[in-house]
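Okay, structure first, notes after.
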């Protein structure tokens, strides 16, 4: 719940938000507010919980009254129409030729400018390292970008260096001929070793920043399909390989949460189930709360090269935080 309170905005934590870090709670409640912005507000003592100063890692309780500075996000259309300024950002390049660039995106980095994240994006780095890319695509703020990953999702991202390549890649994604495989660490152990989720995805009726998945003929929704395979089982958690046949917003995260196995660290779709699922596994609870982002990684992609037509297969290794999580859970089951 949100209400205006003079120079600040007052937020009231709901029962489903209990256990969130304070910076996660503020980010989820304030439109256009990034995790870094929330953390800076908290460190500058501009965020108060019940009138008291707290640290970014403070765990919110149901009913907590949190006051934050007012924020008026810039319109999306204004951001999309504005050319970006190149920035000398380090990029992990998996493949480069004169037509395309394949990047291993780190967690926490935004793909292109949006409200609350106007600098420091993948797009800014691409424009610096590949100046010609600034003229590619359909929007000045998304030069060469043909698809995206959520800010806290890591892994493979493809961009085009020519307009012809951008057109070809965009068509491949639209026609669903690109194979995209993700790795996810989730709560719980599925009864089966593999499965397919075909629940339609729609905008959450009570929270416009969230998506939902269910069979509901009364709500406008879009077909979505996720196929999953258990790669590894732990005590109270699993590592899944997921292939998406469609590319809906938050698709994997909302689909896995819908079948009772939310992605570990997912502050939006996982927290309601996390406490109950971790109750019998103290070590898993500790691991879960040490995961500061959703443990989701775009691991593998297969597409046709836009110029030669040859098949390109790219793989991005698991990032360090997911490797640490895997080792910790392997240690738990080994005793």
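The values are calculated or read from the model by the stated rules, or taken from the named source; none is laboratory data. Given the structure is predicted, the values throughout are model-derived calculations rather than measurements. Reconstructed Cβ throughout: ideal geometry from the backbone, glycine too, with neighbour counts over all protein chains shown.
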Quiz item: Can you list the strands (runs of 3 or more DSSP E) found entirely within the stretch 91-207 that contain at least 1 residues being surrounded by 21 or more Cβ atoms within 10 Å (Cβ to Cβ)?
Solution: 100-105, 154-160, 179-187, 201-203
Quiz item: Just checking, how many residues over the stretch 208-236 are part of a strand (DSSP E or B) and modelled with pLDDT under 90?
Solution: 4
Quiz item: So, of the residues in the stretch 39-58 that are within 21 Å of the chain's Cα centre (by Cα) and either in contact (Cβ under 8 Å) with a residue 24 or more places away in the chain or in a strand (DSSP E or B) (or both), which turns out to be surrounded by the most Cβ atoms within 10 Å (Cβ to Cβ)?
Solution: 56
Exercise. Please find, within the stretch 253-288, the residue that is farthest from residue 234 (Cα to Cα) out of those that are under 17 Å from the mean Cα position of the chain (by Cα) and modelled with pLDDT under 75.
Key: 271
Exercise. Please tell me if residue 235 is assigned by TED's automatic domain parsing to the domain that holds residue 293 and exposed (fewer than 15 other Cβ atoms within 10 Å of the Cβ).
Key: yes
Quiz item: Is it true that some residue in the stretch 294-317 is modelled with pLDDT of 95 or more, under 17 Å from the mean Cα position of the chain (by Cα), surrounded by 14 or more Cβ atoms within 10 Å (Cβ to Cβ) and assigned to a loop (DSSP other than H, G, I, E, B)?
Solution: yes
Self-check item: Unmet criterion (only one of (1) more than 18 Å from the chain's Cα centre (by Cα); (2) over 12 Å from residue 102 (Cα atoms); (3) in contact (Cβ under 8 Å) with a residue 24 or more places away in the chain) for residue 161
Solution: (2)
Quiz item: Given the residues 6, 81, which is the only one that is under 24 Å from residue 120 (Cα atoms) and modelled with pLDDT under 70?
Solution: 81
